[in-house]
Amino acid sequence: MNLRSIFIVIILTSTFACAQDKNPINTKNSHEVIVPNLVNPWSFTFLPNKSILITEKSGELIHFEDGKKTNITGLPKIYLRGQGGLLDIILHPNYEENKWIYFSYASSDNNSSGGNTTIARAKLKESSLIDLEVLYKATPDTSKGQHFGSRLVFDDSNCLFFTIGDRGNRDENPQDITRDCGKIYRINDDGSIPEDNPFVNEANAKTAIYSYGHRNPQGLTLHPKTSAIWSHEHGPKGGDEINIIEAGKNYGWPIISYGVNYSGTKFTDITEKEGLEQPIHYWDPSIAPSGMAFINSDKYGDWKSNLLIGSLKFQYLNMCTLKDNKVIKEERLLDGLGRIRSVNQGPDGYIYVGVENLGIVKLIRE
């Protein structure tokens, strides 16, 4: 290779690296492994005694207590395909009184060769789930393996919000409120539909829908001060988004987007349109976001109120500094540790992170 060719390679490599590594690395952090040897800790939640329930996407529910892992029995049959499996898990806000555990997973209807996102609740008795109730099952089943969504969060009135991705059918599902998928939903904690849901009086609408026009939201959290629902979702090639979710609003997918097809071709020529919501922030290139939590304790000093989002693609924890609901700064934490799948603040105020092929780690600020 001559000097001119080497120079061109260096320039192209540097340009590519800069395009991929926009966010600066914050080196003033480290981690402690709390739960080792997990493959894909899609979600986890802390029980009142500080033990942890962990979902492995492959279909295992693990109880981690005093350094020991116990597999929980009594799970429903789980449809394992592509991105589908056993997914999110949270406790009811009044768990100590009612003992309800809520989780999302992919399941099949009878005689179906495919699956779709399902929301259920159950109680834990010793090492088994009991009193299982399915609260919502998206239809129709499909054998496509992508975009199950599946994040869960309760609001201040104990309504349950959950996400379901477009299931790979962008041209029909996200913009049609008579169809499941490509939506964020709201139900009461028993599965019934809140009377003030935005589409309860719309003919043939899926009345659990709260917002629509989404691609694949895998982050969902409650703002600790405003109680607004914040979400992020995967774009295609570019165009991952952070959104603040409002009732009845259309978030635009696939009519508007800051992304393109994976091949590089366009599927839309516009990034905004009247009546369609703009994200408060988007990434290009995509970081492949998963998991989402605000820092809402004093354990991290002036990081308090920052937003944390996992990056599957670049394998770091993205810390967003916010001002007036805008991202004004981004930094990489836990850089290169692994694919970040889930993020939660624990009852002790520390941030815990689920990392694929590693486990659950505690974030330490140095």
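Only the coordinates and a few stated rules stand behind these numbers; no lab work does. Keep in mind it's a predicted model, so treat the numbers as computed, not measured. Because the Cβ atoms are built from the backbone with ideal geometry, glycine has one as well, and the counts that use them run over all protein chains shown.
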Those residues that are charged (D, E, K, R) and either in contact with a Lys or Arg (Cβ under 6 Å, 6 or more places away or on another chain) or closer than 18 Å to Ile54 by Cβ (or both), I need them from the stretch 320-351; list them, please.
Arg339, Arg341, Asp348
Restricting attention to the stretch 99-109, does a residue exist that is surrounded by 20 or more Cβ atoms within 10 Å (Cβ to Cβ), closer than 29 Å to Ile255 by Cα, touching a strand residue (DSSP E or B) at 6+ places or on another chain (Cβ under 9 Å) and without any contact (Cβ under 8 Å) to a residue 24 or more places away in the chain?
no
Enumeration of residues in the stretch 178-230 that are surrounded by 19 or more Cβ atoms within 10 Å (Cβ to Cβ), in contact with an Asp or Glu (Cβ under 8 Å, 6 or more places away or on another chain) and either in a loop (DSSP other than H, G, I, E, B) or acidic (Asp, Glu) (or both)
Arg179, Cys181, Gly182, Lys206, Gly213, His214, Arg215, Asn216
Exactly one of Asn94, Asn49, Asn26, Asn40 is under 22 Å from Gln345 (Cβ atoms), free of Cβ contacts under 8 Å to residues at least 40 places away in the same chain and of a type in the set (S, T, N, Q), and that one is Asn49
Within the stretch 300-310, is even one residue of a type outside the set (Gly, Ala, Ser), surrounded by fewer than 21 Cβ atoms within 10 Å (Cβ to Cβ) and closer than 19 Å to Arg151 by Cα?
no
Tally, over the stretch 211-232, of residues that are closer than 23 Å to Asp180 by Cβ and in contact (Cβ under 8 Å) with a residue 60 or more places away in the chain
13
If you check every pair at least six apart or on different chains, which have Cβ atoms under 6 Å apart with a residue in the stretch 68-82 that is in a strand (DSSP E or B) first and a residue that is surrounded by 16 or more Cβ atoms within 10 Å (Cβ to Cβ) and of a type in the set (A, V, I, L, M, F, W, C) second?
Lys69/Ile62
Which of the following residues is crowded, with 20+ Cβ neighbours inside 10 Å and not in a strand (DSSP E or B): Ser150, Ser58?
Ser150
Just to be sure before I move on: is Lys125 out of contact with any His (no Cβ under 8 Å at 6 or more places or on another chain) and either more than 28 Å from Pro289 (Cβ to Cβ) or of a type in the set (S, T, N, Q) (or both) in the structure I sent?
yes
Scan the stretch 339-356 and give yes if some residue there is more than 26 Å from Lys57 (Cα to Cα) and crowded, with 20+ Cβ neighbours inside 10 Å, otherwise no.
no
Members of the stretch 78-104 that are over 22 Å from the mean Cα position of the chain (by Cα) and basic (Lys, Arg):
Lys99
Six or more apart or on different chains, Cβ under 6 Å: which pairs go from a residue in the stretch 146-175 that's in contact (Cβ under 8 Å) with a residue 12 or more places away in the chain and hydrophobic (A, V, I, L, M, F, W, C) to one that's in a loop (DSSP other than H, G, I, E, B) and buried (at least 18 other Cβ atoms within 10 Å of the Cβ)? Could you list them?
Phe148/Gln83; Phe148/Gly165; Leu160/Asp189; Ile164/Ala138; Ile164/Gly149; Ile164/Cys181
